[in-house]
1. What are the residue pairs meeting all of these: first residue in segment B:680-703, first residue on the phi > 0 side of the Ramachandran plot, second residue assigned to a loop (DSSP other than H, G, I, E, B), Cβ atoms under 9 Å, and 6 or more apart or on different chains?
2. Could you please give the count of residues in segment B:566-600 that are away from ligand 3 (no atom under 16 Å from the Cβ), part of a helix (DSSP H, G or I) and either surrounded by fewer than 22 Cβ atoms within 10 Å (Cβ to Cβ) or in contact (Cβ under 8 Å) with a residue 24 or more places away in the chain (or both)?
3. Would you be able to tell me the number of residues in segment B:323-353 that are more than 15 Å from B:LYS373 (Cβ to Cβ) and assigned to a loop (DSSP other than H, G, I, E, B)?
4. Take B:SER476 and tell me if it is in contact with a Cys (Cβ under 9 Å, 6 or more places away or on another chain) and at pLDDT below 70.
5. Give B:ALA229, B:ALA217, B:ALA233 a once-over and let me know the one that is in a loop (DSSP other than H, G, I, E, B) and of a type in the set (A, V, I, L, M, F, W, C).
6. In segment B:685-702, how many residues are crowded, with 21+ Cβ neighbours inside 10 Å and either within 16 Å of ligand 1 (Cβ to nearest atom) or within 20 Å of B:VAL661 (Cα to Cα) (or both)?
7. So if I check each of B:VAL240, B:VAL256, which one is β-branched (Val, Ile, Thr) and in a loop (DSSP other than H, G, I, E, B)?
8. Could you please let me know if A:VAL43 is of a type in the set (A, V, I, L, M, F, W, C) and more than 7 Å from chain B (Cβ to nearest Cβ)?
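The values are calculated or read from the model by the stated rules, or taken from the named source; none is laboratory data. From a predicted model like this one, the values you see are computed outputs, not experimental measurements. Positions of Cβ are backbone-derived with ideal geometry, glycine not excepted, and every protein chain shown enters the neighbour counts.
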Amino acid sequence: MTDWIDIGTLADIPQRGARTVQIAGEKEIAVFRTGDDKVFALVNECPHKKGPLSQGIVHGHSVACPLHNWNIALKTGEAQGNDEGCTPTIAVKEEGGRILIARPVALKAAA
Amino acid sequence: MDFQNNGPATASEEEIFVPCEDVREHLVVVGNGMAGCRAVEELLARDKDRYRVTIFGAEPYVNYNRIMLSPVLAGEKSFDDIIINSREWYSENNIELIAGDPVTGIDRTAKTVTSQSGRTVGYDKLLIATGSDPFIIPVPGKDLPGVISFRDMKDVDTMLEAAGKGGSAVVIGGGLLGLEAAHGLTLRGMKVTVIHLMDTLMERQLDEAAGWLLKTALEGRGQTILTGANTEAIYGHGKVEGVRLKDGTEIPASLVVMAVGIRPSTALAREAGLDVNRGIKVDDHMVTSDPDVLAVGECVEHDGNVYGLVAPLWDMCRSLADGLTDQHTGYKGSVTSTKLKVAGLDVFSAGDFSGGEGCEDIVLRDASRGVYKRVVVKDDKIVGAVLYGDTVDGGWYFDLLKREEDVAEIRDLLIFGQAFASGGGALDPKAAVAALSDDAEICGCNGVSKGQVVACIEKGACSLDAVRGSCKASASCGSCTGLVENLLAVVLGDDVQSGPRTMCKCTSFGHDDVRREIVAQNMRSIPEVMQRLHWSTPDGCSSCRPALNYYLLCALPGEYQDDQQSRFVNERMHANIQKDGTYSVVPRMWGGLTNPTELRAIADVVEKYNAPMVKVTGGQRLDIFGIRKEDLPAVWADLNAAGMVSGHAYGKSLRTVKTCVGSEWCRFGTQDSTGLGVKIERMTWGSWMPHKFKIAASGCPRNCAEATIKDFGVVCVDSGYELHVGGNGGIHVRATDLLCKVSTEQEALDYCAAFIQLYREEARYLERTAPWIERVGVDYIKSRIVEDEAGREHLRSRFLYSQSFSQDDPWAERAAGQHAELHQHLDPIAIAAE
Ligand SMILES: Cc1cc2nc3c(=O)[nH]c(=O)nc-3n(C[C@H](O)[C@H](O)[C@H](O)COP(=O)(O)OP(=O)(O)OC[C@H]3O[C@@H](n4cnc5c(N)ncnc54)[C@H](O)[C@@H]3O)c2cc1C
Ligand code: HEM
Ligand code: SF4
Ligand code: SF4
Ligand code: FES
């Protein structure tokens, strides 16, 4: 059983960009929209030194961290290339034009 | 344009003076085209002094690269770009060029030629290089104004004029030439229909499958392609109005381009009684039936073959020059390959792929990538190849074909290309070029083989530009740039001077190439650049996107829509991101000056938003640290209210103008460096650059503002202003180069604007002025800024024009609510659990 949170519509997120979601007591979440209109959600922290991934350049299905340019795969949260590390991902689904993300608590329980 | 100005010439007392002691044998060349001039070049390379040379040309131009007429039509090159030999070349080599005056007769007994203007010139050796005439199909209306062929610069001019008026064009003939004409006219805004008699486009070079892919791609670009269509008539009153097909269809058009084929231009030779079949018959040294008359190029027939491509010309010209200098090598005929020069469509074909007895086809199709490859093998040798969509291995197949290499051992891997077939599977382009044979062709446009490129590198050309300059490889269409770079790397190892590297892994083009194409093809958006220059990724990466955004911004001031998502975080947020994800805010302080209102506003902001630190920067202003992205617009609103604007401490842009107190206060001051600094900053703020740009103005040579480690620095002296460029602090400190000295403040401002614009237009993205100047040389900068007054003025006015769009304070826009999504969080609504 998963709790879902409605965070708005696709149009609220800039294409090849991200918005952030704050939920009391939780780490900030970054919700990305790619060039082909796929939506991904990750904890807004780079596995390297916690750079805010939401501020990076989104290309393909990756984001380049704004601090030291690590590339993070949006789907898995994993650092690409020679870098190692992983950012937790959060489930996303679309329902009736609204974007829903899984409540991180549920994610923790599942993990 | 570099016209040869003595045409159309008349025979007059102005005949170029020929010293009477010049008793050398006289070589007269008829045809100032690709083969004629190349033959002379080859001859000069072997024996500079042996012949006195006169060249007659029907066209009123110097020698240009005919195959590059297509890029000229498409707007990718200018006529100047395609000149092979400028007027200087003719004069330096004492060649008399008689341009715009065709030869009308040859008298072989008297050994003279006569031209249209009545000039008669004697020869010892005559070289006929008259090329081909376009074939005009004998339909009614073929002579109407507006019906042209595609052969020379005049035709291109006619097409450009017609395209300028818009409307529709019909291209008759779907071969190489016709499709390149159609492509160019489409880019120039005409609605184009291609009429092709056969069922397959380019049927002589492509098989059905590749022809179909090509047709689909062209239709996707808006052209109408009619195959199996037979022209009955061209109609119109006084000028062309359209084309009627045999089936009755009428296609309206204001321009009809006939590109149905060419015929060797043999009339002159035939009238002179030389042996002529399809072309002028020549032996292995290009000698005709008269031992003193030679012929070369498309007008000849050798061993029963006539050619319509440039590659054979290069071989012919070598044998011809060998023969004329008593070395007897001999031309053995050529195998040709073809490449279509339409941006974004990679089509290659070579040899024979008609199939037949004993031929085996190896085919690879990859529909998702739009790739089709077919290699035809006979008796374990490659006899033909057709590649569509992925042509990187074209050169390799062609090399194997020409060398008649036995491919039995690599047969199974052949179709996957050289990388796989040579084992390992990993793509090592250096190993690939190293493996090519010496006579493998590297540059198809200029006919340069691997051996020649290597020789020219070994003679000291150790950068791409040097190679382009000395043997012309990669100097025309640029598609062999990668090969030449790899050859440089192979020959020189680490000594290679880094030329334009590719921009990033998404493209095979270097920064300069991309930039040139953006301007030449008038591209207007990042997706358009990626599409036209075949980016390999869907939307680039964090290296190329910001660069493209900048190049477009620079090319299209006031028109280009800045793409926020292609900006680095700092430029998108108009503040500097710090390691904890908060931002620092640096308001502009003109020339480092401030006042109580500003200081009070800054103090208030620090308190109101709990900024943990304020610091004086090295650029003489105050930096407020620890602001959250949500608060930025409010902070900016408060600072705006006190009259402060963005300091762009975050941008690849003008940062600060550092000043000293100068003559207003300082006992050593010679000029008002503070006032000048303020004026410079008012003029330059807000401009986007390839990299950050810092300026300083010091009031005397004591140089307290450290102007000699800035991108642009002014050091005031009693008699005026010394202007310095190309300095920076940082890991590798570089002191400036002195650009020049000027005497007035206005000049200092003007030179500054011009220099910045030159940097904006010519440096590569993320290249600071220091490495840029080390790359191009300070003499080059001087030649553009100091010596060329008109050029300086143009640069300056382009800078000011672009500034008229960039001096809106980005903070004010954000404070007013623009791009709120970049600053605000999304609003989550919890919904019931499933
Ligand atoms: C638009 C276009 C694109 C092409 N693209 C390619 C390509 O991608 N690859 C390729 O391999 N080939 C290409 N070709 C073909 C290539 O240009 C020719 O093979 C080559 O130019 C032939 O050289 P030439 O010297 O024999 O003839 P030309 O270059 O035509 O030179 C002949 C010259 O002689 C002059 N002349 C003719 N009669 C007289 C006279 N009586 N007196 C004085 N001068 C005279 C003509 O005006 C002309 O300037 C292209 C051709 C065109 C038109
Ligand atoms: C990621 C790298 C860097 C960051 C984040 C950074 C950040 C900053 C900031 C915030 C300022 C104050 C800005 C202002 O007043 O305009 C500054 C000033 C300065 N930086 Fe950097 N900097 C970086 C790299 C460099 C490099 C590579 C150099 C040298 C080439 C450099 C040289 C300077 C100098 C000399 C100043 C003082 C400004 C002046 O005198 O004009 N910095 N830097
Ligand atoms: S550079 Fe010269 S004028 Fe300026 S403060 Fe220093 S000593 Fe004075
Ligand atoms: S010198 Fe290094 S640590 Fe200091 S501001 Fe510049 S980049 Fe940061
Ligand atoms: S924090 Fe993301 S790359 Fe360093």
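1. Hits for this filter: B:GLY686/B:VAL645; B:GLY686/B:HIS648; B:GLY686/B:GLN807; B:GLY686/B:ASP808; B:GLY686/B:ASP809; B:ASN703/B:CYS660.
2. Start the filter on segment B:566-600 by keeping residues that are away from ligand 3 (no atom under 16 Å from the Cβ), which leaves B:566-590, B:594-600.
Going one step further and asking which of them are part of a helix (DSSP H, G or I), we end up with B:566, B:569-573, B:590, B:596-600.
The next check asks that each one be either surrounded by fewer than 22 Cβ atoms within 10 Å (Cβ to Cβ) or in contact (Cβ under 8 Å) with a residue 24 or more places away in the chain (or both); those that pass are B:566, B:570-573, B:590, B:596-600.
Residues that pass the stated criteria total 11.
3. So the answer is 17.
4. Details: in contact with a Cys (Cβ under 9 Å, 6 or more places away or on another chain): yes; at pLDDT below 70: yes.
Yes; evaluated as a whole, the condition is true for this residue.
5. Matching residue, one of B:ALA229, B:ALA217, B:ALA233: B:ALA229.
6. Within segment B:685-702, residues that are crowded, with 21+ Cβ neighbours inside 10 Å and either within 16 Å of ligand 1 (Cβ to nearest atom) or within 20 Å of B:VAL661 (Cα to Cα) (or both) number 6.
7. One residue alone meets the criteria, B:VAL240.
8. Numbers: of a type in the set (A, V, I, L, M, F, W, C): yes; more than 7 Å from chain B (Cβ to nearest Cβ): yes.
So A:VAL43 fits the description; yes.
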